[in-house]
Amino acid sequence: MGSAEHLRQEILERVIAYHAEAFLPKEFIPGVTPVPVSGRVFDGEDMVHLVDASLDFWLTTGRYAEQFEREFAQYFGLRHALLCNSGSSANLLALSALTSPELGDRQLQPGDEVITVAAGFPTTLNPTVQNGLVPVFLDIELDTHNIDVTALEEAIGPRTRAIMLAHTLGNPFNLSAVKAIAEKHQLWLIEDNCDALGATYNGQLTGTFGDLATVSFYPAHHITMGEGGCVLTNQPKLKVLVESFRDWGRSCWCAPGVDNTCGKRFGWQLGDLPTGYDHKYTYSHIGYNLKLTDMQAAIGVSQLKKLSGFIAARRQNWQRLHDGLKPLADVLMLPQATPNSEPSWFGFLLTVRPDAPFQRNDLVRYLERHKIGTRLLFGGNLIRQPAYRNLPHRVVGDLKNTDVVMNQSFWIGVYPGLTEPMIAYMVDTITTFVQQFAQVGALR
């Protein structure tokens, strides 16, 4: 072993020792220790992977990215997994790829429509707007918080070309109905799988039903790279288009630092360029640079090994909350799994019933004062957000349930960093709050 390699091994061993000392478990003190809705869960091996990649000083996509893309695609049983710098960028890439002229009569054109829901995260919607397309909003179900498919057929107009939906808080939407409609009308289907990694529908992993799917590796998500995202597809044509939009819009598919993968770098004639113009500087699309670093990918390689345990912990935490809060179902509507699905839960969503003796904000403020983190269901009703008030769009039916979620719903955490005492504290705190209002009502 050379001296440099010996030093490398010594550094990595010291990283393990550092993690053991620097990240000791902390005692949970109810009402004092914060109970967050999400967070990074990592160990010494994750840090070793990060430092190992940094010692290469290969600061763009490299060997760890290639390994992660290969292993992640294998996890899904798909041909292609394409890393990028965030889940939001993954959504942008997935939809932008469908605007490519190389898709012929299936190319999305400005003014074409994309069906979605208004009860969601902005960057599920934003790529539609950013590409000059028109969103068509449908309402959601209050039990699953996913699209109400009863209006889906009615929503399709002469310019409808795609459906782009997220699996809300890890709960799959009705893929049987949505996929059947997409196939019947030859619509593109994009699954925003950012909150649902590991969820299944009819025994099949979400992220494998659509033409394209997206995943996020932000610290709140099922596995993390700090930042990071991924586009999934089984179609080689779409893989090439996503790569092009991710890598400056170029025609070349060489990896960073690699030349002449195609074997004729100076043998192409494209557009109005002269014959032999360098293929590495030939552009087929108006693209971006949305790659991630190999250091991020290295963390992902390590985290992927823990995914099954993370998913199991999320499901267990969700079930403990559900069981503990079930006695409060007369004032709090509890979430329900979509039929024929096994969710990979991102959070536990509660809706304060209209006849409850308190408001959503009363309960949220109480929990926050008691160090329990809460979040609303992202943008609530997005068309009521300042950024989208003048957005060209269509609404099919009403958005009654979307407004209910905006006004009466919130969620608490289920992520693997939560311990059993933390879950019990959440249940006890919510129960105490509800009982206080019940006692006041009884006195009246």
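Every number here is computed from the coordinates shown, using simple stated rules; none is lab data. Since the model is a prediction, treat every value here as computed from it, not as a measurement. Cβ sites come from the backbone with ideal geometry, for glycine too, and all protein chains shown count toward neighbours.
Couple of notes before you dig in:
- Straightening the chain between Ala424 and Leu334 buys 30.7 nm, computed as 0.36 nm per residue apart minus the Cα-Cα spacing.
- Net charge of the neighbourhood of Met422, taken over other residues with C-beta under 13 Å away and scored Lys/Arg +1, Asp/Glu -1, is 0.
- Residue order, fewest to most beta carbons within 10 Å, for Asp294, Asp148: Asp148, Asp294
- Neighbourhood net charge (12 Å Cβ-Cβ; Lys/Arg +1, Asp/Glu -1) for Ser302: -3
- Relative contact order (percent, whole number), the range 257-371, Cα cutoff 8 Å, 6+ residue spacing: 15 percent
- Cross-link partners for Lys26 among the lysines, with Cα-Cα distance under 17 Å and sequence neighbours closer than 8 places in the same chain left out: Lys371.
- Cβ-Cβ FRET estimate between Arg353 and Ala4, R0 fixed at 41 Å, reported to 0.05: 0.05
- Within the range 338-364, backbone nitrogen closer than 17 Å to the virtual label 7 Å beyond the Cα of Leu307 toward Cβ: 342-346
- The range 50-303 - share of DSSP beta bridges that are antiparallel (%, nearest 5): 45 percent
- When the listed pairs Lys264/Lys305; Lys184/Lys280; Lys264/Lys291; Lys237/Lys400; Lys280/Lys306 are checked against a 29 Å cut-off, the alpha-carbon distance exceeds it for Lys264/Lys305; Lys184/Lys280; Lys237/Lys400; Lys280/Lys306.
- Going by neighbour counts of Cβ atoms within 10 Å, the residues Leu304, Leu133 line up, fewest first, as Leu304, Leu133.
- Sorted on the mean count of surrounding Cβ atoms within 10 Å across their residues, most packed first, peptides 9-17, 214-222, 428-436, 310-318 read 214-222, 310-318, 428-436, 9-17.
- Within the range 50-303: Cβ-based charge dipole about Cα centre, in debye rounded to nearest 20 (Lys, Arg +1; Asp, Glu -1): 740 debye
- Karplus-based coupling profile of the range 366-378, in residue order and whole Hz: 4, 5, 5, 5, 9, 6, 9, x, 9, 9, 7, 6, 6, with θ = phi - 60° in 6.51 cos²θ - 1.76 cosθ + 1.60 and x standing for Gly or Pro.
- Between Gly77, Gly31, Gly267, the residue with the greatest mean-square fluctuation in the GNM of the chain (Cα pairs under 10 Å linked by springs) is Gly267.
- Relative contact order %, the range 341-442, counting alpha carbon pairs below 8 Å whose residues are six or more apart: 43 percent
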